[in-house]
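Undergrad: Let me begin by handing over the structure; questions about it come next.
The values are calculated or read from the model by the stated rules, or taken from the named source; none is laboratory data. This structure is a prediction, so every number in the text was calculated from the model and none was measured. All Cβ positions, glycine included, derive from the backbone under ideal geometry; neighbour counts span all protein chains shown. Keep in mind that these areas ignore ligands, DNA and RNA; they rest on the heavy atoms of the full protein, side chains included. Shrake-Rupley method; radii C 1.70, N 1.55, O 1.52, S 1.80 Å.
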Amino acid sequence: MASIYNLATLLLFCCLANTIITPSLSELVQEQPLVLKYHNGILLKGNVSVNLIWYGQFTPTQRAIIVDFIYSLNSNRAPLPSASSWWKTTEKYRGGASTLRVGHQILHEKYTLGKVLKTAHLLALASKVNFAANSINVVFTAKDVAVDGFCMSRCGTHGSSRGSPRGTYIWVGNSETQCPGQCAWPFHQPIYGPQTPPLVAPNGDVGVDGMIINLATLLANTVTNPFNSGYFQGPPTAPLEAVSACTGIFGSGSYPGNPGRVLVDKATGASFNAHGVNGRKYLLPAMWDPQTSACKTLV
Ligand SMILES: *[C@@H]1O[C@H](CO)[C@@H](O)[C@H](O)[C@H]1NC(C)=O
């Protein structure tokens, strides 16, 4: 590991990285009153560049599912309930709208850092696009890439760079072959807890549709708590944020092990709750609504 980086690069990154834990662990939190406190720091508002760094093999179809999702968040072209109506809840956090724009994309198809990555590798990959103010560098790792803590304690993470300008990053892994019951639930039987039949993935790809859930979670968590001084509950080292505060909830009537009410595509049997651009459908998690202090579902 050390041979690949110089220490100066590593020191650029802040030590804080907020992990999203798996549903089985976080169901415990649902019983407490849900108030995310605002900690007086800045949020990511206005135009936000989202740069995508793909590590390992992703098919063009897989990349299109994810890129279309990001476009869907700020498009008004999809019928309701839509991904953009879901994203609009982030506007209720002070400061108005966060408009995401896809910026640079980098393909790393040759596994030059190997197939077993540490957190430091993720940071190095995130910095392949220069950090900038109001930007999020997103690293996606392919299904055959193991990452420190992936499937053990986390499905993805977000954090920020040090120095100026200060950028943010997200990492999301494809869990299809490593732990779909954890990181692609409810599209796969859960490993622990009550067993409900898996839902059919809306884009026909359990791994990538699971990545959408985790990416959606981390994008909302990032814009509302980019530097650990935004909205969260609990200690800054293990915060509950906009969507991680609502983990495991997808529709009304949800309870531990049951995602709640969703829509079903009659032709394919796929479950979804949000329309996107290009006729896409997605299943998006509930988000904490500052107006009602409750987890808001689309359906
Ligand atoms: C955001 O980007 C659009 C299009 O590039 C531009 O018209 C608009 O002024 C920008 N808004 C802000 C707040 O910078």
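Undergrad: Which Cα, out of Trp54, Asn74, Leu44, lies furthest along the positive dipole direction of the stretch 41-98 (beta carbon charges, K/R +1, D/E -1)?
TA: Leu44
Undergrad: If one puts a single equal scatterer on every Cα of the stretch 41-296 and applies the Debye formula without solvent, what log₁₀ I(q)/I(0) results at q = 0.09, 0.12, 0.13, 0.15 Å⁻¹?
TA: For the stretch 41-296 at q = 0.09, 0.12, 0.13, 0.15 Å⁻¹, log10 I(q)/I(0) is -0.35, -0.65, -0.78, -1.08.
Undergrad: Hey, how many Å between the Cα centroid of the stretch 206-226 and the Cα centroid of the stretch 36-100?
TA: 9 Å
Undergrad: For the chain, what is the accessible area per residue in Å², given a 1.4 Å probe and the full set of protein chains?
TA: With all protein chains present, the chain gives 41 Å² per residue.
Undergrad: If you don't mind, another one. With both partners inside the stretch 41-296, how many of the DSSP beta bridges are antiparallel, as a percent to the nearest 5?
TA: Once the DSSP bridges in the stretch 41-296 are tallied, antiparallel ones form about 35 percent.
Undergrad: Separate question: Given Val243, Gly257, Ala270, which one lies farthest toward the positive end of the charge dipole of the chain, if we put +1 on the Cβ of every Lys and Arg and -1 on the Cβ of every Asp and Glu?
TA: Result: Val243.
Undergrad: Using modelled amide H (1.01 Å from N, peptide plane; none on Pro or chain starts), what sits under 5 Å from the amide H of Leu117, excluding residues fewer than 5 places away?
TA: HN-HN under 5 Å from Leu117: Ala146, Val147, Asp148.
Undergrad: Please compute the contact order of the chain in relative form: average sequence separation of alpha-carbon pairs under 8 Å and at least six residues apart, divided by the residue count, as a percent.
TA: 25 percent
Undergrad: Starting at the first residue of the stretch 150-165, write each ³J(HN,Hα) from the Karplus equation 6.51 cos²θ - 1.76 cosθ + 1.60 with θ = phi - 60°, in whole Hz, x for Gly and Pro.
TA: Each residue of the stretch 150-165 in turn: 4, 6, 8, 10, 7, 10, x, 7, 9, x, 9, 8, 8, x, 9, x Hz.
Undergrad: Just how far, in whole angstrom, is the stretch 234-275 from the stretch 146-160 if you go by their alpha carbon centroids?
TA: 20 Å
Undergrad: Now for a separate question. Hey, which aspartates and glutamates would be in cross-link range of Lys37, C-alpha to C-alpha under 19 Å, not counting anything within fewer than 8 residues on its own chain?
TA: Glu91, Glu241, Asp289
Undergrad: What is the magnitude of the charge dipole of the chain about its Cα centre, with +1 placed on the Cβ of each Lys and Arg, -1 on the Cβ of each Asp and Glu, and no other charges, expressed in debye to the nearest 20?
TA: Using Cβ point charges on Lys, Arg, Asp and Glu, the chain gives about 620 debye.
Undergrad: I would also like to ask the following. Tell me the net charge near Lys92. Cut-off is 14 Å between Cβ atoms, Lys92 excluded, with +1 for each Lys or Arg and -1 for each Asp or Glu.
TA: Summing Lys and Arg as +1 and Asp and Glu as -1 gives +2.
Undergrad: Quick one, could you list the DSSP H helices from the chain stretching 27 Å or more along their long axis (Cα atoms) with average Kyte-Doolittle hydropathy of 1.0 or above?
TA: Taking the DSSP H segments of the chain (at least 27 Å long, mean hydropathy at least 1.0), we get 206-224.
Undergrad: At a 1.4 Å probe radius, carbon and sulfur cover how many percent of the accessible area of the stretch 41-296?
TA: Carbon and sulfur atoms account for 54 percent of the accessible area of the stretch 41-296.
Undergrad: Moving on to the next point. Can you give the local net charge around Asn47? Use residues other than it whose beta-carbon is closer than 15 angstrom to its beta-carbon, Lys and Arg +1, Asp and Glu -1.
TA: +1
Undergrad: If amide hydrogens are placed 1.01 Å from N in the peptide plane, which non-local residues have theirs closer than 5 Å to the one on Ser98?
TA: The list, which skips near neighbours in sequence, is Gly46.
Undergrad: Under the rule of -39500 (n - 2.57) per DSSP H run of 4 or more residues, summed and divided by the residues of the chain, what mean residue ellipticity at 222 nm is obtained, to the nearest 500 deg cm²/dmol?
TA: One gets -5500 deg cm²/dmol as the mean residue ellipticity at 222 nm.
Undergrad: Oh, and also: Calculate the radius of gyration of the Cα atoms of the stretch 229-278 to one decimal place, then report Dmax, the largest Cα-Cα distance, as a whole number, both in Å.
TA: Looking at the stretch 229-278, its Cα Rg and Dmax stand at 15.1, 45 Å.
Undergrad: Then there's this: Say the dipole of the stretch 41-296 comes from +1 at the beta carbon of Lys and Arg and -1 at that of Asp and Glu; which of Leu219, Leu199, Val147 then lies farthest toward its positive end?
TA: Leu219
Undergrad: Enumerate lysine pairs in the stretch 41-296 that are 8 or more residues apart or on different chains, then count those whose Cα atoms are under 23 Å apart.
TA: Count of close lysine pairs: 17.
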